[in-house]
Each structure stands twice: as structure tokens, then as C-alpha cells.
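Here the structure comes first, spelled out in C-alpha cells, and everything after it is commentary.
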Amino acid sequence: MTKYSLNRKVREVKMFFHEKTYDIDELVRMNMHIHTTFSGCAKPEMTVSNILKTAEEAGLTMIALTDHDNPSLKNIVAERRKVLLDEIGDTNIKVFVGAELSCTGIGKFLNDEECDLQMDYKLYTMNHFHVSSWDHPEDKSPRGYAVQMLRMAESVIEMRKADCFAHPFMPGYIKTLPDRNLVTEAYTDNELGDIMEKATKKEIAWELNTSAVMGFPDFYHRYFQIGKEVGAVFNIGTDAHKLCNVDSHQFADKLKEILY
């Protein structure tokens with residue numbers, strides 16, 4: 001295993017892995033989508049020390065720091081990672097220092113692959129359609145957007161070493177559609193099963209993003225059930241931009257109500 005120096009100590013870099021489980025009570029012990037102050041949209045309170053203190057008090061066992069990449073500052077996530085590593089210190093929590101990386105179009109990525117591979121946890125998003133650098137489909141119907149996201153996800157699977165998909169297939173950032181539920185309804189069960197199975201074979205997990213699940217409950221119930229059928233690995237991520245959302249446990253009952 002690779003080792004690196006951290007605060008005058010030697011710390012192992014552990015590859016991302018956890019036992020496959022569909023037990024929400026087990027899954028909420030992790031939070032694999034947390035933003036620090038390096039993300040401009042995060043609150044000033046989201047320092048590494050505050051995040052770790054909150055996570056420890058909540059009884060979390062594993063977290064990932066996943067700041068956004070930046071369309072105007074290519075490969076900046078690698079530099080940020082070095083700073084965050086120095087701030088971690090001693091903790092019993094397994095901490096992954098990664099990034100929320102962008103697939104901005106079919107086969108198009110914001111960062112070089114070499115940069116991405118420096119991350120402990122590569123959380124790829126394909127649906128930030130509110131960002132100006134994002135490609136929109138020629139067909140701007142709900143079905144057009146569904147196909148676009150499926151093809152983008154497939155390009156990540158084929159071209160990059162991802163660890164997980166962030167809020168996958170969630171249409172909340174498509175501001176041009178009055179009823180975004182029509183996008184989630186446009187996916188067929190076979191399409192979802194096929195893409196989730198492909199990712200699973202490449203050891204790529206699928207996020208149960210708490211906001212997305214609660215925003216589109218019917219779709220994510222279907223997504224979770226199909227994922228179980230194909231043996232997908234799920235991670236919990238709250239997409240925390242403020243400390244009150246670091247603790248995943250608070251969402252457990254609602255997740256069970258929707259997903260089971």
C-alpha cells in the first residue's frame with residue numbers, strides 16, 4: 001500500500017471499499033459527500049476540524065471530503081487535496097480526501113485523468129446542468145435529458161476510474177423543464193439495470209443522495225430496488241454544505257420509508 005506523510009506521522013492510503021449492504025442503518029454510518037470551505041457554495045463553518053468533530057460526535061465511521069472542481073481552474077483539486085490532508089490530524093474515522101468531479105458531456109471531463117487519479121475518492125457527477133460549461137442534449141425533452149445522462153454515465157464507466165456517481169440521474173438542475181419528474185419517468189427499468197450493472201462490474205458505487213432521494217422519492221425507490229437486483233453497491237451522501245447535514249443518521253427513517 002502507498003503511504004504518505006501526514007502531520008509528521010505515517011498514514012495509510014486505503015482504497016475505497018466497504019461491504020455491500022442494503023441495510024440503511026449500516027449505510028448511514030458513512031457520509032461520502034461532504035464539502036469543505038474549498039467549495040464556494042459551502043458555509044464558512046465547513047472547516048476540516050469542524051467536520052471531523054461533528055462526524056465523530058455523530059458516530060460516523062467513514063466520510064469523504066468531496067469539493068467541487070472548477071471550470072476556470074483546471075486540476076485545482078489536486079492542490080486542494082494536499083492542503084486538506086494536512087488538516088486531518090488524528091481521528092478514528094476513515095477519511096477519504098477526494099473531489100466531486102465533472103463529466104460535462106459525453107466523454108468530456110473537467111480535469112485530466114492524472115489529476116483525478118490522485119484523489120482517494122472520485123465522485124463523478126453528470127447532471128450539473130445549471131453550470132455553463134455543461135453540455136445539454138439537442139433533444140431538450142425529458143427523454144432527451146434522460147438519454148444524455150445515461151450516455152454520460154456510460155462514458156465515465158468506459159473512460160475514467162470512478163468510485164461513485166453523485167446524485168445520479170437527478171434532474172433537479174435542469175431549469176428549463178417545468179416538471180422534472182418527467183425525466184425520471186423517462187428511464188426504463190432495463191436502462192437503469194443495465195447501466196448499474198456495468199458500473200458494478202467496474203467497482204463503481206451508486207450514491208443514495210439524501211436530498212435527491214427525498215426530492216424524487218418514486219424514482220429513487222425504483223432505482224434502489226433495481227440496484228439491489230443487479231447487486232449494486234450503494235453509498236450514502238448528504239451533499240453537506242453545512243455542519244447540520246454532516247450526520248447521515250438523521251435521514252435514516254425517511255430513507256427507509258422511501259426506499260424499502
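The values are calculated or read from the model by the stated rules, or taken from the named source; none is laboratory data. Bear in mind the structure is a predicted one, so any value in this text is a computation, not a measurement. Cβ sites come from the backbone with ideal geometry, for glycine too, and all protein chains shown count toward neighbours. SASA here: full protein model, heavy atoms, side chains in, ligands and nucleic acids out. Shrake-Rupley method; radii C 1.70, N 1.55, O 1.52, S 1.80 Å.
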query: Out of all the residues in the stretch 161-171, which are open to solvent by less than 30 Å² (accessible area, probe 1.4 Å) and not aliphatic (A, V, I, L, M)?
result: Asp163, Cys164, Phe165, His167, Pro168, Phe169, Pro171
- prompt: If you take just the helices (runs of 4 or more DSSP H) that sit entirely in the stretch 1-95, which of them hold at least 1 residues that are modelled with pLDDT of 95 or more, polar (S, T, N, Q) and out of contact with any Leu (no Cβ under 8 Å at 6 or more places or on another chain)?
  reply: 48-58
task: Run Glu158 past the list (1) closer than 21 Å to Lys108 by Cα; (2) within 15 Å of the chain's Cα centre (by Cα); (3) open to solvent by 10 Å² or more (accessible area, probe 1.4 Å) and report the number of the one that doesn't hold.
output: (2)
task: Could you run through the stretch 26-45 and say how many residues are open to solvent by 10 Å² or more (accessible area, probe 1.4 Å) and in contact with a helix residue (DSSP H, G or I) (Cβ under 6 Å, 6 or more places away or on another chain)?
output: 2
- line: Of the candidates Glu197, Glu207, the one satisfying the condition of being modelled with pLDDT of 95 or more, closer than 26 Å to Gly98 by Cα and surrounded by 22 or more Cβ atoms within 10 Å (Cβ to Cβ) is Glu207
- request: Evaluate the following for Met152: is it within 16 Å of the chain's Cα centre (by Cα), among the hydrophobic types (A, V, I, L, M, F, W, C) and more than 30 Å from Ala58 (Cα to Cα)?
  value: yes
- prompt: When you scan the stretch 188-224, how many residues do you find that are in contact (Cβ under 8 Å) with a residue 12 or more places away in the chain and either farther than 18 Å from Glu158 by Cβ or over 17 Å from the mean Cα position of the chain (by Cα) (or both)?
  reply: 24
task: Name the single residue, out of those in the stretch 90-149 being among the acidic types (Asp, Glu) and open to solvent by 10 Å² or more (accessible area, probe 1.4 Å), that is nearest to the chain's Cα centre (by Cα).
output: Asp120
field: Ile226, sole failed condition from (1) farther than 21 Å from Tyr124 by Cα; (2) open to solvent by 10 Å² or more (accessible area, probe 1.4 Å); (3) of a type outside the set (S, T, N, Q)
entry: (1)
